[in-house]
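S.K.: This structure is in structure tokens; I'll ask about it shortly.
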Amino acid sequence: MTDQQSPEAAAAASSHAHVRYRDRQTGDIIVERVPGESLLRWLYYTTTGSLFFRAVLNRPLCSRLFGWWQKKTWTQRQIRPFVERYRIDLEEIEHPLQQYRNFNDFFIRRLKPQTRPCDPNPERLLSPADGKVLVYPHLDPGAKLSVKSCTLTADALLAQAIDPIPYRNGAALVVRLAPYDYHRFHFPADVQAGETLLIDGDFHSVNPVALARVPNIFRYNRRAVCELQTAAFGKIAYIEIGALNVASIVQTYTPGSCKRGQEKGFFQFGGSTIVLLFEPGAIVFD
């Protein structure tokens with residue numbers, strides 16, 4: 001797990017040449033390797049690219065077609081170059097590379113058991129996913145994301161799919177998954193999980209390169225919302241946000257009692273984001 005640096009530094013980085021984050025294990029500041037970065041900058045920083053995005057890419061059909069393509073057997077040849085370029089640890093993944101029939105099979109790969117051991121202390125929140133992390137200890141109505149004027153509020157994110165009132169002035173945890181990350185997501189505690197509801201929306205990239213140009217992406221993008229009841233953390237709103245070329249958000253759990261660390265679902269091809277919202281006073285972040 002890694003977390004992003006200060007909002008001011010992240011804003012500067014995403015607005016200029018690079019996106020940077022801090023590795024929590026080493027403390028090092030790392031320049032992120034962004035898949036398709038030149039394409040993202042064309043789409044979001046040029047008039048022609050912006051027109052192409054609105055006319056073609058920002059459509060459900062485009063994402064479905066891209067997902068269909070990534071399930072074809074000929075995309076298997078993309079796997080090893082992708083692994084080598086983004087230094088994916090093959091010791092962690094469930095199967096040898098040759099067993100993945102296509103690129104999407106590899107993208108939604110599972111990990112070997114115990115690769116991500118769960119902290120047994122029920123008073124410690126588990127990360128719901130691998131990725132770059134930002135936390136907001138106090139999410140007041142004017143809370144800003146790390147770039148420009150993007151606001152992160154319970155009302156905007158939940159869009160009345162579930163009641164936003166309990167989460168106002170609470171806290172938030174944001175996990176951004178890059179395309180090379182493990183793309184299954186999990187329950188952060190023992191929970192009683194409700195049904196997941198879909199909020200329709202756009203298909204913007206969630207990379208800071210795009211956030212710098214379209215600040216309120218999280219409130220515009222297609223997303224799925226579920227409310228969790230927990231003993232240690234009260235209510236949690238669990239939000240999965242789709243992105244550019246995310247073919248679908250797939251739920252694998254059954255509503256009801258679910259264990260900490262249990263898989264909740266996965267994103268098919270594309271980078272994605274998970275947001276957890278907490279009630280006021282429910283959590284203290286490291």
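The values are calculated or read from the model by the stated rules, or taken from the named source; none is laboratory data. This one's a predicted model, so the numbers in the text were calculated from it and none came from an experiment. Backbone-built Cβ (ideal geometry, glycine too); neighbour counts: all protein chains shown. For accessibility, only protein heavy atoms count, side chains too; no ligands or nucleic acids. Shrake-Rupley method; radii C 1.70, N 1.55, O 1.52, S 1.80 Å.
S.K.: Within the range 175-189, can you find the residues that are open to solvent by 10 Å² or more (accessible area, probe 1.4 Å) and part of a strand (DSSP E or B)? Steps first, please.
M.R.: Just the residues of the range 175-189 that are open to solvent by 10 Å² or more (accessible area, probe 1.4 Å), to begin with: 176, 179-182, 184, 186.
Matches in the range 175-189: Arg176, Arg184, His186.
S.K.: Here's something else I'd like to know. Please find, within the range 72-89, the residue that is farthest from Gly234 (Cα to Cα) out of those that are open to solvent by 70 Å² or more (accessible area, probe 1.4 Å) and in a loop (DSSP other than H, G, I, E, B).
M.R.: Arg87
S.K.: So which of Glu32, Glu37 ends up being at pLDDT below 75 and within 19 Å of the chain's Cα centre (by Cα)? Before you say what the answer is, go through the steps one by one.
M.R.: Values: Glu32 fails: at pLDDT below 75.
Selected residue: Glu37, the only one of Glu32, Glu37 that is at pLDDT below 75 and within 19 Å of the chain's Cα centre (by Cα).
S.K.: Okay, moving on. What tally of residues in the range 233-260 results from selecting those that are of a type outside the set (Lys, Arg), modelled with pLDDT of 95 or more and not in a strand (DSSP E or B)?
M.R.: Selection size over the range 233-260: 5.
S.K.: Can you report the number of residues in the range 109-132 which are open to solvent by less than 60 Å² (accessible area, probe 1.4 Å), more than 15 Å from Phe266 (Cβ to Cβ), part of a loop (DSSP other than H, G, I, E, B) and not polar (S, T, N, Q)?
M.R.: Residues in the range 109-132 being open to solvent by less than 60 Å² (accessible area, probe 1.4 Å), more than 15 Å from Phe266 (Cβ to Cβ), part of a loop (DSSP other than H, G, I, E, B) and not polar (S, T, N, Q): 3 in total.
S.K.: Quick test for you: out of Glu279, Glu263, pick the one residue that is under 26 Å from Asp105 (Cα atoms) and either at pLDDT 70 or above or over 15 Å from the mean Cα position of the chain (by Cα) (or both).
M.R.: Of the residues listed, the single one that is under 26 Å from Asp105 (Cα atoms) and either at pLDDT 70 or above or over 15 Å from the mean Cα position of the chain (by Cα) (or both) is Glu263.
S.K.: Continuing with the same structure: Considering only the range 113-133, how many residues are among the small types (Gly, Ala, Ser) and more than 12 Å from Arg260 (Cβ to Cβ)?
M.R.: Narrowing the range 113-133 to residues among the small types (Gly, Ala, Ser): 127, 129, 131.
If we keep only those that are more than 12 Å from Arg260 (Cβ to Cβ) too, we end up with 129, 131.
Counting residues in the range 113-133 that are among the small types (Gly, Ala, Ser) and more than 12 Å from Arg260 (Cβ to Cβ) gives 2.
S.K.: Which ones in the range 2-24 are out of contact with any Ser or Thr (no Cβ under 8 Å at 6 or more places or on another chain) and at pLDDT 80 or above?
M.R.: The one that is out of contact with any Ser or Thr (no Cβ under 8 Å at 6 or more places or on another chain) and at pLDDT 80 or above: Arg20.
S.K.: Follow-up. Could you list, in sequence order, all residues of the range 96-108 that are free of Cβ contacts under 8 Å to residues at least 40 places away in the same chain and either open to solvent by less than 70 Å² (accessible area, probe 1.4 Å) or at positive phi (or both)?
M.R.: Step one: filter the range 96-108 for residues free of Cβ contacts under 8 Å to residues at least 40 places away in the same chain, giving 96-102, 105-106.
Result: Pro96, Leu97, Tyr100, Asn102, Asp105, Phe106.
S.K.: Go through the range 133-159 residue by residue and tally those that are over 19 Å from Ile283 (Cα atoms), modelled with pLDDT of 80 or more, open to solvent by 10 Å² or more (accessible area, probe 1.4 Å) and in contact with a strand residue (DSSP E or B) (Cβ under 9 Å, 6 or more places away or on another chain).
M.R.: Qualifying residue count for the region: 1.
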